[in-house]
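Undergrad: Below: one structure in structure tokens.
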Amino acid sequence: MLVHLSDIVSQTGKTENMEVPVTVDVIKSELGSFKIAEKSPLHLQIINTGNKVLELTCDVKLVIPMPCDRCLKEVPVDFDLHFQSKLDMKQSREDRIKDLDESDYITGLDLDTDLLICNEVLINWPLKVLCKEDCKGICSRCGQNLNEGTCQCDRTSLDPRMAAISDIFSKFKEV
Ligand SMILES: [Zn+2]
Ligand SMILES: [Zn+2]
């Protein structure tokens, strides 16, 4: 959603608190598109600290389901985001993009809160998604989810280190 900043930019010392609905439904990352399953409204505080500088404080909670890295089962990942941002409204759009080092969520005097949230989600993207700490993953031969049962596949030979060793042995045999 767009929040108009013209009022607050013109009033030094002014503080505004607002609740802004999150209107974005999908987060696009390098890994693909992820649907937002649950979201709270964004709590946004804007303080004009003078000299056309705005301080933003944002709080928002999202739940985004992601596949487990090992077994691909969907895991609800909580994003409990609390972040601050400083906007110098004297800067040109180009300078701001350089400073923020990310896509610009200000156009003219409008703040795009959805873009702001998307940026923050990407910054907080989990390095690892596991359905449980000791997830056993899936069998790479038959696709069986090994948390739910076992299969008859011989997976020992799939270990690349083992494969290298058995290669060496087979070469010895040939000689
Ligand atoms: Zn898993
Ligand atoms: Zn199997």
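Undergrad: List every residue pair whose Cβ atoms sit under 7 Å apart, with the two residues 6 or more apart in sequence or on different chains, where the first one lies in the range 55-72 and is buried (at least 16 other Cβ atoms within 10 Å of the Cβ) and the second, anywhere, is among the acidic types (Asp, Glu).
TA: Note: pairs meeting the criteria are Lys61/Asp80; Leu62/Glu38.
Undergrad: Find the strands (runs of 3 or more DSSP E) located wholly in the range 41-153 whose residues include 2 or more that are of a type in the set (Val, Ile, Thr), touching a Phe, Trp or Tyr at 6+ places or on another chain (Cβ under 9 Å) and at pLDDT 95 or above, and list them. I'd like the intermediate steps shown before the answer.
TA: Details: elements: 42-50, 53-67, 74-88, 110-112.
In the range 41-153, 53-67 are the strands (runs of 3 or more DSSP E) which contain 2 or more residues that are of a type in the set (Val, Ile, Thr), touching a Phe, Trp or Tyr at 6+ places or on another chain (Cβ under 9 Å) and at pLDDT 95 or above.
Undergrad: Another question, if that's okay. Within the range 117-151, restricting attention to residues that are within 13 Å of ligand 1 (Cβ to nearest atom), open to solvent by 70 Å² or more (accessible area, probe 1.4 Å) and in contact (Cβ under 8 Å) with a residue 24 or more places away in the chain, which residue is nearest to Leu42 (Cα to Cα)?
TA: Lys128
Undergrad: I've got another one for you. Tell me which of these Gly108 doesn't satisfy, since it passes every other one: (1) more than 16 Å from ligand 2 (Cβ to nearest atom); (2) surrounded by 12 or more Cβ atoms within 10 Å (Cβ to Cβ); (3) of a type in the set (Gly, Ala, Ser).
TA: Every condition holds for Gly108 apart from (2).
Undergrad: Of all residues in the range 73-86, which are under 15 Å from Asn119 (Cα atoms) and either open to solvent by less than 90 Å² (accessible area, probe 1.4 Å) or within 16 Å of ligand 1 (Cβ to nearest atom) (or both)? Give the steps one after another, and end with the answer.
TA: Taking the range 73-86 and keeping what is under 15 Å from Asn119 (Cα atoms), we get 79-86.
Within the range 73-86, Phe79, Leu81, Phe83, Ser85 meet the criteria.
Undergrad: So, one more: May I ask you to list the residues in the range 24-40 that are modelled with pLDDT of 95 or more, assigned to a loop (DSSP other than H, G, I, E, B) and exposed (fewer than 13 other Cβ atoms within 10 Å of the Cβ)?
TA: Result: Asp25, single match.
The values are calculated or read from the model by the stated rules, or taken from the named source; none is laboratory data. Small disclaimer: the values here were computed from a predicted structure and weren't measured. Using ideal geometry, Cβ is built from the backbone for each residue, glycine included, and neighbour counts are taken over all protein chains shown. Quick note on the areas: whole protein, heavy atoms, side chains included, nothing else; ligands and nucleic acids left out. Shrake-Rupley method; radii C 1.70, N 1.55, O 1.52, S 1.80 Å.
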